[in-house]
Amino acid sequence: MKPDRDAVRDRYATVARRALAGEGTGMLTGDADRLGAVHYAGADLPAEVAATSLGCGNPLAVAELKPGETVLDLGSGGGLDVLLSARRVGPGGRAIGLDMTDDMLTLARRYAEQAGVGNVEFVKGTIERIPLPDATVDVVISNCVIALSPDKPAVFGEIARVLRPGGRLGVTDILADDSLTDAERATRAGAVECLGGALTAERYRALLGNAGLGGIDVQLTHEVGDKLHSAIIRATKPVQVAAMTSEHADQVLAIYQAGLDTGHASFETAAPGWATWEAAHLPEHRLVALGPDGRVVGWAAVTAVSSRCVYAGVVEHSVYVDPDARGRGVGEVLLAALIASTEDAGIWTIQSGVFPENTASRELHRRAGFREVGVRERVGRHHGVWRDVVLIERRSTRVGT
């Protein structure tokens, strides 16, 4: 059954008016140990702000926000998650709250002003028609709100539209067991509307996939009712991957230099000129990841390890991501595309050396199916220091088997 939007609006408007009058919300009295502010224990916020949480979890513990990001909270209510998001993304970031209830927006703006938080904005609208331009948001969060929507495919379509390539979804929501019947849903829809409209985990995954989102992960966390569970849901908007051309040269080399400047990417310390770089890398396997404006946000390429014919199917690879695009799944997408490109060409082994301290790269490659063969100790000097290298490789399961 579909939730009644007008009933949802009226119910939460009443909650907001009570909060504006300095009263309790009047909700969750019997569910305080499973829903609401209990999930924000330790948050440095006034009690009256935390009390406005009517959700089933803490999406900020899911989304892993980074400084400078733009975050959109769907169904922001009293603004708790928006205020917390604003702190995490910092002055260079932006936190946007979307709600369809005037009273909730008034309440949220009051709390934001009292908190002295300037990098927030609250806008009126529905989550089925988000009033934001395409590809303008890095992260979408939400707390037990999507289950309230009568048109969930439209919600997921809008999320995919406003997310930038590589952007991510990190929400908490109510999910139903496969065994929950329509009759049982109807009995739950009166007191807490989201329970009647809860999707199953399988249906949630399918709708996210239909909207064009990938990397979908659904994890049940705790029971909130008979056959009903709170869940953490994550997904990403795929990054566009294209063949690298000379037009990308300056951006590719700038990203390369940014990686070298970390001190943990390579023994090299300065990016070469384009002619030198181009001559060293095989032309068939040079890839770039592009942002919504066509800007390069990452690249991957390979070099031959030997001129001997026995090693024709073995290459050494590199993958670099723009510092501003890290944490958006760019590296995963590039590695997947590089693996497909090399396997299609009959290459059976991709290998590289990674500094042990580069834990992010090691984890990225582990997820992509690489294994760590071993450590080559004190293999070379870097800024005057002898350093070890972890040898990693991926052996194809469909080429040379």
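The values are calculated or read from the model by the stated rules, or taken from the named source; none is laboratory data. All of these numbers come straight from a predicted model, not from anything done at the bench. Cβ: placed from backbone, ideal geometry, glycine included. Neighbour counts: every protein chain shown. These area figures cover heavy atoms from the full protein model, side chains too; ligands, DNA and RNA do not enter into them. Shrake-Rupley method; radii C 1.70, N 1.55, O 1.52, S 1.80 Å.
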| Which ones in the stretch 88-130 are closer than 11 Å to residue 77 by Cβ and either touching a helix residue (DSSP H, G or I) at 6+ places or on another chain (Cβ under 9 Å) or assigned to a helix (DSSP H, G or I) (or both)? | 97, 99, 100, 101, 103, 104, 105, 107, 108, 111, 122
| Condition test on residue 134, is it among the charged types (D, E, K, R), under 21 Å from residue 325 (Cβ atoms), modelled with pLDDT of 90 or more and open to solvent by 10 Å² or more (accessible area, probe 1.4 Å)? | yes
| message | Just to be sure I understand the filter: pairs with C-beta atoms under 6 Å, separated by 6 or more residues or on different chains, first member in the stretch 81-110 and over 18 Å from residue 61 (Cα atoms) and open to solvent by less than 20 Å² (accessible area, probe 1.4 Å), second member part of a helix (DSSP H, G or I) and basic (Lys, Arg). Which pairs pass? | response | 101/9
| request: Could you check how many residues of the stretch 373-387 are open to solvent by 90 Å² or more (accessible area, probe 1.4 Å) and out of contact with any Phe, Trp or Tyr (no Cβ under 9 Å at 6 or more places or on another chain)? | output: 3
| message | Considering only residues that are out of contact with any Asp or Glu (no Cβ under 6 Å at 6 or more places or on another chain) and part of a strand (DSSP E or B), which ones fall in the stretch 299-315? | response | 299, 300, 301, 302, 304, 314, 315
| message | Quick check on the stretch 322-342. Is at least one of its residues surrounded by fewer than 22 Cβ atoms within 10 Å (Cβ to Cβ) and more than 26 Å from the chain's Cα centre (by Cα)? | response | no
| Residues of the stretch 247-282 being open to solvent by 50 Å² or more (accessible area, probe 1.4 Å) and in contact with a Phe, Trp or Tyr (Cβ under 7 Å, 6 or more places away or on another chain), which ones? | 264
| Taking the stretch 156-172 on its own, how many of its residues are open to solvent by less than 20 Å² (accessible area, probe 1.4 Å) and touching a Pro at 6+ places or on another chain (Cβ under 9 Å)? | 5
| Residue check for residue 175: open to solvent by 10 Å² or more (accessible area, probe 1.4 Å) and either at pLDDT 85 or above or among the aliphatic types (A, V, I, L, M) (or both) | no
| request: Find all pairs meeting these conditions: Cβ atoms under 6 angstrom apart; at least six residues apart or on different chains; first residue within the stretch 379-401 and farther than 14 Å from residue 361 by Cα and assigned to a strand (DSSP E or B); second residue of a type in the set (Lys, Arg) and open to solvent by 50 Å² or more (accessible area, probe 1.4 Å). | output: 386/378
| message | So residue 68 passes all but one of these: (1) touching a strand residue (DSSP E or B) at 6+ places or on another chain (Cβ under 8 Å); (2) modelled with pLDDT of 60 or more. Which condition number does it fail? | response | (1)
| query | Mind checking whether some residue in the stretch 328-338 is among the aliphatic types (A, V, I, L, M), in contact (Cβ under 8 Å) with a residue 40 or more places away in the chain and assigned to a loop (DSSP other than H, G, I, E, B)? | reply | no
| request: Could you run through the stretch 283-311 and say how many residues are under 20 Å from residue 391 (Cβ atoms), among the hydrophobic types (A, V, I, L, M, F, W, C) and open to solvent by 20 Å² or more (accessible area, probe 1.4 Å)? | output: 3
